[in-house]
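Single-structure report; data block below.
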Amino acid sequence: MSEWTSDLLKTYFEQRFADSDKAIQAALVAQEKAIMKAENSAERRFELLNELRVGVATKEQLDALEKVVEALSKLVYIGLGGVLALQLVLKFIK
């Protein structure tokens, strides 16, 4: 069985600390990459949400426009019906 000397213990712990430092640095780099990727994903998600909101606003505007057109077309049909009725009345009066 080998004995631990002070030089051997010093070398062992220096190597362990160096290995730990390398592992910590690698973890920090990986964490930074993950954060950047998450930020990019969140930014893209928000861009897509904004596009969706614009689409919804446009759809709401189109729906409102369609209701106005329907209301105006009803008025036109009522007006045409009134004109036709007036023509029939005038035709029978003559």
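The values are calculated or read from the model by the stated rules, or taken from the named source; none is laboratory data. Not measured: the values here are computed from a predicted model. Virtual Cβ from ideal backbone geometry, glycine too; neighbours counted across all protein chains shown.
Yes or no, residue by residue, for (1) touching a strand residue (DSSP E or B) at 6+ places or on another chain (Cβ under 6 Å); (2) at pLDDT 90 or above; (3) surrounded by 10 or more Cβ atoms within 10 Å (Cβ to Cβ):
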{"residue": "Ser6", "(1), (2), (3)": "no, no, no"}
{"residue": "Arg16", "(1), (2), (3)": "no, yes, yes"}
{"residue": "Met36", "(1), (2), (3)": "no, yes, yes"}
{"residue": "Asn40", "(1), (2), (3)": "no, yes, yes"}
{"residue": "Glu47", "(1), (2), (3)": "no, yes, yes"}
{"residue": "Asn50", "(1), (2), (3)": "no, no, yes"}
{"residue": "Arg53", "(1), (2), (3)": "no, no, yes"}
{"residue": "Ala57", "(1), (2), (3)": "no, no, yes"}
{"residue": "Gln61", "(1), (2), (3)": "no, no, yes"}
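When you check Gln31 against the structure, is it assigned to a helix (DSSP H, G or I), at pLDDT 90 or above and not small (Gly, Ala, Ser), yes or no?
Values: assigned to a helix (DSSP H, G or I): yes; at pLDDT 90 or above: yes; not small (Gly, Ala, Ser): yes.
It is true that Gln31 is assigned to a helix (DSSP H, G or I), at pLDDT 90 or above and not small (Gly, Ala, Ser).
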